[in-house]
Amino acid sequence: MPEHMPPGTLLVLGALLIPVLRGHLRSAWLLALPLVSFAHLIGLGHGSYGEIQLFDYHLTLARIDKLSLVWGYIFHLAAFLCALYSLHVKDPIQHMAGLIYAGSAIAGAFAGDLITLFVCWELTAVSSVFLIWARHTDRSYKAGLRYLVIQVGSGVILLAGVLIHYGDTGSLAFVHLGDLSFTDNLGPTLIFIAFGIKCAFPFLHNWLQDAYPEATATGTVFLSAFTTKLSVYALARGFAGTDILIPIGAVMTAFPVFFAVIENDLRKVLAYSLNNQLGFMVVGVGVGTTMAINGAASHAFAHILYKALLFMSMGAILHRVGTTKASELGMLYRSMPWTTFFCIIGAMSISAFPLFSGFVTKSMTLTAAANEGWNLTWFVLLFASAGVLHHSGIKIPFYGFFGHHDSGLRCKEAPLNMLLAMGITAFLCVGIGVFPEPLYGILPYPVEFEPYTASHVVTQLQLLVFALLAFAFLARRHWETPELPCTNVDTDVVYRKLIPSLIRGFNGIAGPARDAFIAGGKRAAAQCVAYAHSHHGPAGVFGRTWLTSSAVLVIVALLSVYLLFAYRSGL
Amino acid sequence: MTDEQQQKDTQTPWIERGSSLNLLYRLLIVICLGLLVPDVLDMLHIGYHKHIHYGAEGWFAFYSIFGFIAYSLIVGAGFIWRRVVMRDEDYYA
């Protein structure tokens, strides 16, 4: 095994062999690749690897330290779980795309310079779009195109920022990039915007809710794990302690709640929920203290697992009944009891119930924000915590597997590989919640946080159980927001409706103006032709055939006039 | 309850029966009341101390009331928000 090969490259290279493998050999290969890649990572100690000179640029293909290792570990774990979950899929393109995507995200998390980061950044975009297109529907094709344009656009902005930064400083090192300023520090500011697009900052977020629910049942599980968390890592590496991240993150935690409450497609609900969870991590990165960075890193770790678990359970529903629209589901728990059970574990983890993973990670960020005096932010995060319980803790399992009526849908339980993947992920969600010490042990900084204090457990239970009481109280009176088949417009309305309408409106004015201009020009040209024809045509005065004698007479007359003038001049 | 209704109720899975849901609801209320006990103990300074960052956290049942109201507000806001952003299912088609 090449010792200095950057982590993740084995996954990318190994994935290229997938199309030539069949049956059990392919399954074994899919499961072995993440394990081998993980072993490779473990074999590499802290330090820099793959230092090369490319033209004038000094590149460091891999830099392994405590911060990048958190993402390295969880990305490998996610790659393995996703591979197991999608083992039944026959389409080799999906397997290839999934593992290349995972490998490039891992390589991105270990990138030691900004050019390497850019290459991985774009490779994640290009490889992951095939997970959306693999659904082979018109909607997924168009959503994939929009996703690709935005993701590659983010990469182009990143590259522009990197080159400007290199021009200003002569450095490509992926370290803390300084303060944001369009006038004094343009390069890092563009890099920040590029990270913000992938991290789904408010108003830059809607590619996530647009594309993820259109991917295949297994593809969305892959997608949920890597892109956005790579950007959280990039923010933690390049912009930790940047204050503007705190209000951005706070808004991210709050606004998706209001979309999730009215969304009918449960995978879209989870996409909004993902946005909300990213907000907690962004706040942690923005606060920037050791506890806050630990909070963001541990939350990213736990979040990848419980969010994957929730997407897996919805993917199992999609696989079995072909839809995840709440208005079309009901009482599926009868057919899919194990999937229901795992979904509830994911729901309790994301809601941060004690003994589940969210409880021991998310609270670190809240405590760090409170410690640093971010009062309003703390209240927003607390509000968002109740929101999480609503859309992910209750809405997903309730409308996915129970609901108010029996939909009549009867199906088989999820395939064995899906159940195994869900089972392992659920086990890890509970395991981290009960024994957080191993997770705390791999965090970037020593952990000075005790999650299981009587006060923390009681207050968290009060928040969640009383919110649960509100749900029961409202549901018994049928006062909760009904699940209706609909489309809820978000910022994507700008590029899917508004801009096309403006273009059509412009065409409505410009088209007739252009036609009138062309018609006027044609008329003017026709008049010119007619005028010329009247004088130079066969009947025109200049078009006639004159007698030679007439011509001679005219010439004699002209010469006579000339002679007269010459004579007068001579006098 | 007639025999037919009783038979139908016993054929329905336990979790879907009206009686079970009522029982669970009452159980939830009991748990909620139980969760208020630590706040009483905190006020009386008996065996439990609530660790707080802000003064409001020290109020009796702050987290309980916050959770209930926040959840209800989110649901209520959903009705209003839906009027603003909801369109036909094939809006983008």
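The values are calculated or read from the model by the stated rules, or taken from the named source; none is laboratory data. Quick caveat: nothing in here was measured; it's all calculated off a predicted structure. Backbone-built Cβ (ideal geometry, glycine too); neighbour counts: all protein chains shown.
Applying the selection to region A:319-358, what residues are surrounded by 24 or more Cβ atoms within 10 Å (Cβ to Cβ) and on the phi > 0 side of the Ramachandran plot? Within region A:319-358, just A:Ala352 meets the criteria.
Here is a yes/no grid of residues against (1) within 14 Å of chain B (Cβ to nearest Cβ); (2) within 17 Å of the chain's Cα centre (by Cα); (3) surrounded by fewer than 24 Cβ atoms within 10 Å (Cβ to Cβ):
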{"site": "A:Gln277", "(1), (2), (3)": "no, yes, no"}
{"site": "A:Val287", "(1), (2), (3)": "yes, no, no"}
{"site": "A:Thr290", "(1), (2), (3)": "no, no, yes"}
{"site": "A:Ala296", "(1), (2), (3)": "no, no, no"}
{"site": "A:Ala302", "(1), (2), (3)": "no, no, no"}
{"site": "A:Ile317", "(1), (2), (3)": "no, no, no"}
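Rundown of residues vs (1) of a type in the set (Asp, Glu); (2) assigned to a helix (DSSP H, G or I); (3) exposed (fewer than 15 other Cβ atoms within 10 Å of the Cβ); (4) more than 14 Å from chain B (Cβ to nearest Cβ), yes/no style:
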{"residue": "A:Ser392", "(1), (2), (3), (4)": "no, yes, no, no"}
{"residue": "A:Phe401", "(1), (2), (3), (4)": "no, yes, no, no"}
{"residue": "A:His405", "(1), (2), (3), (4)": "no, no, yes, no"}
{"residue": "A:Gly423", "(1), (2), (3), (4)": "no, yes, no, yes"}
{"residue": "A:Leu439", "(1), (2), (3), (4)": "no, yes, no, yes"}
{"residue": "A:Glu448", "(1), (2), (3), (4)": "yes, no, yes, yes"}
{"residue": "A:Val457", "(1), (2), (3), (4)": "no, yes, no, no"}
{"residue": "A:Leu463", "(1), (2), (3), (4)": "no, yes, no, no"}
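Looking across region A:249-269, the residues that are more than 14 Å from chain B (Cβ to nearest Cβ) and in contact with a helix residue (DSSP H, G or I) (Cβ under 6 Å, 6 or more places away or on another chain) come down to A:Gly249, A:Ala250, A:Met252, A:Leu266, A:Arg267.
Which ones in region A:480-509 are of a type outside the set (Asp, Glu) and either facing another protein chain (nearest Cβ under 7 Å) or in contact (Cβ under 8 Å) with a residue 24 or more places away in the chain (or both)? Walk me through it before giving the result.
Within region A:480-509, the subset of a type outside the set (Asp, Glu) is A:481-482, A:484-489, A:491, A:493-509.
Once the filter is applied, which keeps residues that are of a type outside the set (Asp, Glu) and either facing another protein chain (nearest Cβ under 7 Å) or in contact (Cβ under 8 Å) with a residue 24 or more places away in the chain (or both), region A:480-509 yields A:Thr481, A:Leu484, A:Pro485, A:Cys486, A:Thr487, A:Asn488, A:Val489, A:Thr491, A:Tyr495, A:Arg496.
For every residue, the table says whether it meets (1) in a helix (DSSP H, G or I); (2) in contact with a Phe, Trp or Tyr (Cβ under 9 Å, 6 or more places away or on another chain).
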position	(1), (2)
A:Met5	no, yes
A:Leu13	yes, no
A:Ala32	yes, no
A:Leu41	yes, yes
A:Gln53	no, no
A:His58	no, no
A:Leu61	no, yes
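Conditions tested, residue by residue: (1) out of contact with any Phe, Trp or Tyr (no Cβ under 7 Å at 6 or more places or on another chain); (2) assigned to a helix (DSSP H, G or I); (3) away from every other protein chain (no Cβ under 14 Å); (4) farther than 16 Å from A:Cys199 by Cα.
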site: A:Tyr272; (1), (2), (3), (4): no, yes, no, no
site: A:Arg320; (1), (2), (3), (4): yes, yes, yes, yes
site: A:Thr323; (1), (2), (3), (4): yes, no, no, yes
site: A:Trp338; (1), (2), (3), (4): yes, yes, yes, yes
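Residues that are in the same structural domain as A:Leu376 (by TED's automatic domain parsing), under 26 Å from A:Met96 (Cβ atoms) and in contact (Cβ under 8 Å) with a residue 60 or more places away in the chain do occur in region A:274-285. Within region A:328-357, the set of residues being touching a Cys at 6+ places or on another chain (Cβ under 7 Å) and more than 27 Å from A:Val434 (Cα to Cα) comprises A:Ser335 only.
Quick check: anything in region A:509-518 of a type in the set (Phe, Trp, Tyr) and touching a His at 6+ places or on another chain (Cβ under 8 Å)? The answer is no; no qualifying residue exists.
Scan region B:45-68 and tell me whether some residue there is within 7 Å of another protein chain (Cβ to nearest Cβ), within 28 Å of A:Ala260 (Cα to Cα), free of Cβ contacts under 8 Å to residues at least 60 places away in the same chain and touching a strand residue (DSSP E or B) at 6+ places or on another chain (Cβ under 9 Å). Looking through region B:45-68, none of the residues is within 7 Å of another protein chain (Cβ to nearest Cβ), within 28 Å of A:Ala260 (Cα to Cα), free of Cβ contacts under 8 Å to residues at least 60 places away in the same chain and touching a strand residue (DSSP E or B) at 6+ places or on another chain (Cβ under 9 Å). When region A:142-171 is limited to residues that are farther than 19 Å from A:Thr227 by Cα and free of Cβ contacts under 8 Å to residues at least 24 places away in the same chain, the one that is surrounded by the most Cβ atoms within 10 Å (Cβ to Cβ) turns out to be A:Lys142.
Could you say which residue among A:Lys412, A:Lys362 is charged (D, E, K, R), more than 10 Å from every other protein chain (Cβ to nearest Cβ) and crowded, with 21+ Cβ neighbours inside 10 Å?
Numbers: A:Lys412 fails: crowded, with 21+ Cβ neighbours inside 10 Å.
Of A:Lys412, A:Lys362, the one residue that is charged (D, E, K, R), more than 10 Å from every other protein chain (Cβ to nearest Cβ) and crowded, with 21+ Cβ neighbours inside 10 Å is A:Lys362.
Go through region A:170-202 and give me each residue that's among the aliphatic types (A, V, I, L, M) and part of a loop (DSSP other than H, G, I, E, B). Within region A:170-202, A:Leu172, A:Val175, A:Leu177, A:Leu180, A:Ala200 meet the criteria.
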